[in-house]
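S.K.: One structure, as structure tokens, below. Some questions next.
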């Protein structure tokens, strides 16, 4: 099952070049979807949207929702790829890449690059949360607290009109 994005989509829609080994990208995708999207949507709604995406049966606002999910995942992947392409785990332990015609970025530059793409992901993550709150009435599986009780997004306003639970970015 495709977790909303593919290795080729990452290469086509981010700054990740086509020559980056798929083995460095593909394992990241399901993990990133699980870490960053499932918590926002809740397991029940996540599985529903993911199944519809893979079956190509998304409708209406679900299409818009998946577009935002994909942007979040694309930039999360770019952030992680900055690290996985610079440093790899081998039988000799962590190794820093050193190509024949290139000089690898130092650890501080890799961290800077990773943070740069992480900020893009955080923007789309905030947009995802806002979209879910704004369109909660269009997603009954999302607001079904009996079955979808694992979402970290609170869509029930408190007495002051705000929300009890907000997402904090690190």
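Coordinate-derived values only; no laboratory data. It should be emphasised that the depicted structure is a prediction, and the values quoted were computed from it without experimental measurement. Ideal geometry is used to build each Cβ from the backbone, glycine not excepted, and the neighbour counts take in all protein chains shown.
S.K.: State the extension gain, in nm to one decimal, for the chain segment bounded by residue 24 and residue 119, taking 0.36 nm per residue of separation less the distance between their alpha-carbons.
M.R.: So the extension gain works out to 32.1 nm.
S.K.: Compare the peptides 124-131, 108-115 by average per-residue count of other Cβ atoms within 10 angstrom and give them in order, highest first.
M.R.: Result, highest mean first: 124-131, 108-115.
S.K.: For an R0 of 25 angstrom, estimate the FRET efficiency from the Cβ-Cβ distance between residue 9 and residue 107 and round to the nearest 0.05.
M.R.: After rounding, the FRET efficiency stands at 0.30.
S.K.: For residue 35 and residue 149, FRET efficiency with R0 = 22 Å and r from the beta-carbon atoms, rounded to 0.05?
M.R.: That pair, residue 149 with residue 35, gives E of 0.75.
S.K.: For 12, 80, which order do you get if you count the other beta carbons within 10 Å of each Cβ and list the fewest first?
M.R.: In order of increasing Cβ crowding within 10 Å: 12, 80.
S.K.: Something else now. Would you please state the base-10 log of I(q)/I(0) at q = 0.19, 0.22 1/Å for the range 7-143, with intensities from the Debye formula using one equal scatterer on every alpha carbon?
M.R.: -1.10, -1.36
S.K.: Where does each of 35, 141 land when they are ranked from fewest to most other beta-carbon atoms within 10 angstrom?
M.R.: Going from least to most buried by this count: 35, 141.
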